[in-house]
1. Projected onto the charge dipole of chain B (+1 at Lys/Arg Cβ, -1 at Asp/Glu Cβ, origin at the Cα centre), which of B:ALA174, B:GLY75, B:LEU46 gives the Cα projection farthest towards the positive end?
2. Around A:ARG173, with a cut-off of 11 angstrom between Cβ atoms, what is the net charge of the other residues, counting Lys and Arg +1 and Asp and Glu -1?
3. Sorting check: for A:53-62, A:198-207, which peptide has the highest mean count of neighbouring beta carbons within 10 Å, and how do the rest follow?
4. Write down Rg/Rh for chain A, rounded to two decimals, with Rg from the C-alpha atoms and Rh from the Kirkwood relation over Cα pairs.
5. Where is the GNM fluctuation largest for chain B (alpha-carbon springs, 10 angstrom cutoff): B:ALA123, B:ALA177, B:ALA92?
6. In nm to one decimal, list the spacings between the A:THR184 label point and its equivalents in the other copies, with label points set 7 Å along Cα to Cβ, shortest first.
7. Using the 7 Å Cα-to-Cβ label point, sort the distances from A:ARG102 to its equivalents in the other copies shortest first and give them in nm to one decimal.
8. What are the distances, in nm and sorted shortest first, from the label point of A:ALA168 to the label points of the same position in each other copy, with each label point placed 7 Å from Cα along the Cα-to-Cβ direction?
There are 2 protein chains.
Amino acid sequence: MYVTASPSIEDDVIVIPSRKRSIARQATVTIKPGKHLFLEDDPADLIYEVASGVLRLTRIMEDGRRQVIAFGYPGDTVGFPSNGRYHTDCDALVPTTLHVHRRSDLESAKGDPELHLRLLRAALREISGMQDHFMMLGRKSSIEKLASFLTVLSARVGEPLGEYTQIALPMTRADIADFLGLTTETISRTFTQLRKSQIIAIDHVNTVVILKPVALRAIAQGGSD
Amino acid sequence: MYVTASPSIEDDVIVIPSRKRSIARQATVTIKPGKHLFLEDDPADLIYEVASGVLRLTRIMEDGRRQVIAFGYPGDTVGFPSNGRYHTDCDALVPTTLHVHRRSDLESAKGDPELHLRLLRAALREISGMQDHFMMLGRKSSIEKLASFLTVLSARVGEPLGEYTQIALPMTRADIADFLGLTTETISRTFTQLRKSQIIAIDHVNTVVILKPVALRAIAQGGSD
DNA sequence: CCTTCTGATTGAGCAATGTCAAAACCGCTC
DNA sequence: GAGCGGTTTTGACATTGCTCAATCAGAAGG
């Protein structure tokens with residue numbers, strides 16, 4: 001089903017012992033675009049915190065249908081295990097650096113309680129975010145989905161550009177489609193629709209400027225009736 | 001937007017100090033059908049483990065669109081907080097008993113590490129389950145969604161009935177629809193379709209018998225091409 | 001037993017989104 | 001700067017699932 005020749009972490013990733021001596025086992029990793037950090041069903045020995053860059057977490061059905069579970073931005077924790085295994089594939093969209101934690105340190109009762117608590121908080125944040133995503137996947141129209149996506153990204157990683165906010169999109173239209181449960185064609189058409197109504201401008205294919213954030217948010221929440 | 005006259009827990013729920021003295025603060029609660037355990041944005045002081053019964057976790061948009069986030073069956077943990085608040089409404093479909101934990105005990109670093117770890121495990125299990133649900137919401141057809149739903153329920157709470165498996169459905173068609181991102185009409189039509197192809201039998205509206213579990217699973221995973 | 005109410009089913013038509021195909025665009029390499 | 005491969009955009013058409021509406025079924029109460 002899935003790629004079975006699981007690459008060892010070492011193939012793709014450079015592990016650098018961290019300078020920080022306060023937390024003994026912490027280390028830093030860098031990963032190049034397109035390279036996998038882990039695959040579904042790999043034993044989940046390591047848990048990662050994104051320090052810089054963007055990750056893509058995906059699941060794939062036997063017939064090739066794909067769902068992008070999440071994009072991992074700085075501050076996000078990825079690699080939550082279940083039954084000791086990863087439950088998504090994970091690769092990098094851009095050069096990405098990560099902090100690494102050994103699962104055994106975090107999950108066992110004897111580990112650093114501070115770290116322990118951080119993992120729990122991250123998991124709870126993750127659950128909350130996923131619940132938002134449910135509403136989006138299950139109940140929103142294509143334009144509401146895309147508007148929601150851009151609104152969230154804007155708040156999270158938007159950069160001021162004059163009086164507007166600019167967003168870099170390191171993922172393809174197909175990635176966005178698989179994240180929102182749509183097709184690339186629908187994503188493309190919906191971008192065009194938002195552009196024509198002057199709510200966004202598309203500078204480059206991968207660079208969006210939000211011209212009317214209020215209107216965008218209104219659409220995201222279904223206020224376009 | 002949401003019901004603002006938040007009922008205090010005491011209105012709906014009877015808290016009984018637990019007999020188990022080993023875990024000081026644990027208590028048991030019972031809740032009647034239709035009664036709310038908590039509402040979205042309530043301060044999340046308590047975390048619950050379902051002991052018996054079924055809960056429904058929902059989120060509602062301003063315009064009334066609803067997403068059922070999950071059904072809480074025995075063994076499930078509900079009430080994961082984020083920023084100290086609940087992020088869904090939660091009510092009971094049938095009489096339900098729950099074990100109660102104070103959040104402060106679980107989340108702070110000083111709480112019982114054993115319990116602490118159980119909460120983390122529950123959160124990780126939750127994340128894993130939600131990831132499955134993403135694929136379902138984003139990428140499956142209506143019949144695949146319903147087949148997946150019945151397959152999961154069958155494994156989780158199916159009861160043998162002769163050589164077949166019977167499933168009780170304490171939720172309405174509308175609940176199933178809002179769980180799967182469909183409408184009641186589509187759910188109804190899809191049930192009919194599965195019944196006519198002899199894969200399930202509908203004994204009572206709320207009681208389904210799985211006649212061909214293999215076929216059902218095949219449909220659930222997209223094997224109906 | 002009859003009425004009533006709510007939820008479930010079925011039908012007909014429609015709208016949103018998917019599919020298939022072609023064209024345009026962008027970044028590379030030669 | 002011409003050619004190439006992959007991505008994006010656009011168009012025409014098909015299909016899935018939704019909307020609106022009618023009917024049906026089952027539970028509760030008089």
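Readers should treat all values here as calculations from the given coordinates under stated rules, not as data from a laboratory. This structure is a prediction, so every number in the text was calculated from the model and none was measured. Every residue, glycine among them, receives a Cβ derived from its backbone with ideal geometry; neighbour counts consider all protein chains shown.
1. B:GLY75
2. So the environment of A:ARG173 carries a net charge of -2.
3. So the order, starting with the most tightly packed, is A:53-62, A:198-207.
4. Ratio value, two decimals: 0.99.
5. Between B:ALA123, B:ALA177, B:ALA92, it is B:ALA123 that shows the largest mean-square fluctuation.
6. Taking the point 7 Å beyond Cα along Cα→Cβ, the inter-copy spacings are 4.1 nm.
7. 3.5
8. Those label-point separations list as 5.5 nm.
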